[in-house]
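Values quoted throughout were computed directly from the atomic coordinates according to the rules given, and no laboratory measurement underlies them. Remember, predicted model here, so these are calculated numbers, not experimental data. Neighbour counts run over all protein chains shown; Cβ positions are idealised from the backbone, glycine included.
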Amino acid sequence: MVQAAAVAPVPVPVSTEVYQRLQHFYARQMQSSDDLDVPAWAGSFTEDGVFATNAFPEPITGRAAIAAHCDRAFAAQAAAGIVRRHVMTMLTAEHAAGDGERIHTRSYVMVLETRRGQKPTIYCSTLCEDVLVPVDGGWQVVRREVRRDDL
Amino acid sequence: MVQAAAVAPVPVPVSTEVYQRLQHFYARQMQSSDDLDVPAWAGSFTEDGVFATNAFPEPITGRAAIAAHCDRAFAAQAAAGIVRRHVMTMLTAEHAAGDGERIHTRSYVMVLETRRGQKPTIYCSTLCEDVLVPVDGGWQVVRREVRRDDL
Amino acid sequence: MVQAAAVAPVPVPVSTEVYQRLQHFYARQMQSSDDLDVPAWAGSFTEDGVFATNAFPEPITGRAAIAAHCDRAFAAQAAAGIVRRHVMTMLTAEHAAGDGERIHTRSYVMVLETRRGQKPTIYCSTLCEDVLVPVDGGWQVVRREVRRDDL
C-alpha cells in the first residue's frame, strides 16, 4: 500500500491557457442557467453526465434527466418571478492523475436571488467539484458534485 | 431575409490573452468606482460613451455627463458613510459580428454596501452588457447597459 | 521634489500569464483557509510574512504566529459549526516600482458564512493589499493588509 501510494500519479495544475478558457467556459455555463436556457445548460453535460448534490437524495444521471429537471426548476423559478445569478469564484483546476485528458475543478458557487422590488438575497453558498472531458475544443461535465454549505 | 440571416457574421469569442486583459481592465474600472475616482471612472468611457440602465429614465450620454453624474453620486455616498464594492463576475466576451475591433461583453455586477459598524448588504444584483473599443492598448466603453434584477 | 517625482519608477502591470497564475494562486489560498488547512494557509506566507488588518490592534508577524492564530481561529469556527467562503474578486496586480520581482496586488475579499440549516450571510467585505515575492515558480505573501469596510 505504501508502495502503491509512492507510484500514484500526481495531479498537474492546468496551463494558464487552459485555466483561462475554463473561466470563460464556466461564465457561459452559469449565464445559461440564469438565462433559463435548458438546451445550453444541459448541453454542457455529457450524454451520460451526472449531477450530484447533497440537496437531492439521488444524483441526476444523464443529460436528458438533467434537462427534464431544469425544465421543471426553471419554470418554477420563472413563475415565482425570481432572477437567479450563479456566481462561480475561486476556481482551481488540475489534470486528473493518470488521465491528463480529464480535468478536475473545484470552485465556490454562490446563488443570488432577486425578486421584483426587493433586495437580493443569497439563496445558498456551495462547493462545486467537476470532472470535465474535452469536447470540440471546449469541455463537457462528466460529473458535478455540489455541496451546499447549509445542509 | 432568410438569405441575409444565412450570411450574417457570427460573433467570435475573444482569445485567452484578450479575455485575461479584459478581466484586469474591469477589475481596475470597478475599483476606480469604489475609490470614488471620478476621472478614472469617467475616463474608462469614450468621449461619446453611453451609460444606460433600467434604474434611470434616460441613458447618460457623453463622458462629461457621466463624470457629472458620478460627482453627485459619489459625494452622496461619501456623505452617507457608505463603502461600496462593485463585484463583476461571470464575464463573457466576443468580438462584435462584422466589426472585430469592437468587443461585446456580458457579466454580472453585484454591488455590496457597508456602513460603519454594520454587516454588508447587497445593494443590487445586475446584468451588465458593454460595447468596448480598443484605445491605447486597452479599451474604453462605448455603451454600457446595466439591468438591475429587482426592477 | 518635482525632479524626484519625475525620475520615480513607475509600477508596471503584470503580464497576462502572471495575472492568470495569480488568480489560480489566490483561488488555492482562499480554499485552503476555508478548508481549515493551517499548513497550506500559513505556508502561503514567507517565514517573516506579516498579516495586518484594521480588525486587530497589531499586525501578526511571522509564519509561525500566523499559523498559531489560524489554529485558534479555525478551531473556534469549526466548534461554532460555521462554513466560511473567502471570495476574492476584482484583482489588480503590478510589479513593484523599483523591484520588478515583487508584485503588489489589490483585490476585494468578501467573507461568506453559513450555519447549518440557515441562509448564508456576509460576514465582512474587505479590501486586500498584498506584497508577493516569487518562490519556487509560485509566490508567497510578504505582507498582507486587509481593511474591513465596516471598521
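If you take the alpha carbon atoms of the stretch A:11-148 and fit the smallest convex hull around them, that volume is 109 Å³ per residue. The residue list C:68, C:151, C:46 was ranked by how far each Cα lies along the charge dipole of chain C toward its positive end, using unit charges on Cβ atoms, and C:151 comes out on top.
Counting only alpha carbon atoms, the long axis of helix C:63-79 and the longest principal axis of chain C meet at about 30°.
Only Cα pairs under 8 Å and 6+ residues apart enter the sum, and on that basis the relative contact order of the stretch B:57-151 stands at 19 percent. Shielding by partners for peptide A:16-26, expressed as the average number of C-beta atoms from other protein chains within 10 Å of each residue's C-beta, is 6. To the nearest 10 degrees, how steep is helix C:16-34 against the longest Cα principal axis of chain C, on a 0 to 90 scale? So the helix axis and the longest Cα principal axis differ by about 30 degrees. For the stretch A:68-124, the square roots a ≥ b ≥ c of the C-alpha gyration tensor eigenvalues yield an a/c of 1.5 or more together with a/b not exceeding b/c, which makes the shape oblate.
Remark: A:124, C:70 ranked as A:124, C:70, counting other beta-carbon atoms within 10 Å and listing the fewest first. Charge tally for residue A:74 (other residues, Cβ to Cβ under 11 Å; Lys, Arg +1; Asp, Glu -1): -2.
For the protein assembly as shown, what are the per-bin percents of Cα-Cα distances with bins 10 Å wide, up to the bin holding the maximum? Histogram of Cα-Cα distances, whole percents per bin: 4, 18, 30, 29, 15, 4, 1, 0. The 3J(HN,Hα) values that the Karplus relation (6.51, -1.76, 1.60; θ = phi - 60°) gives for the stretch A:141-148 are, in residue order, 8, 7, 8, 10, 10, 10, 10, 6 Hz. Gly and Pro appear as x.
Under 5 Å between amide hydrogens, built in the peptide plane, is the criterion, and for residue A:140 it picks out A:133, A:135 among residues at least 5 positions away or on other chains. The simple Förster model, with R0 at 60 Å and r as the Cβ-Cβ distance, assigns residue C:61 and residue A:75 a FRET efficiency of 0.60. Computed about its Cα centre, the charge dipole of the protein assembly as shown is approximately 1300 debye, with only Lys, Arg, Asp and Glu carrying charge at their Cβ.
The charge dipole of chain B, taken about its Cα centre with unit charges on the Cβ atoms of Lys, Arg (+1), Asp and Glu (-1) only, comes to about 560 debye. Taking amide hydrogens as placed 1.01 Å from N in the peptide plane, the amide H of residue C:54 sits under 5 Å from those of C:146, C:148, each at least 5 positions away in sequence or on another chain.
The Cα center of the stretch B:102-134 and the Cα center of the stretch C:124-151 differ in position by 23 Å.
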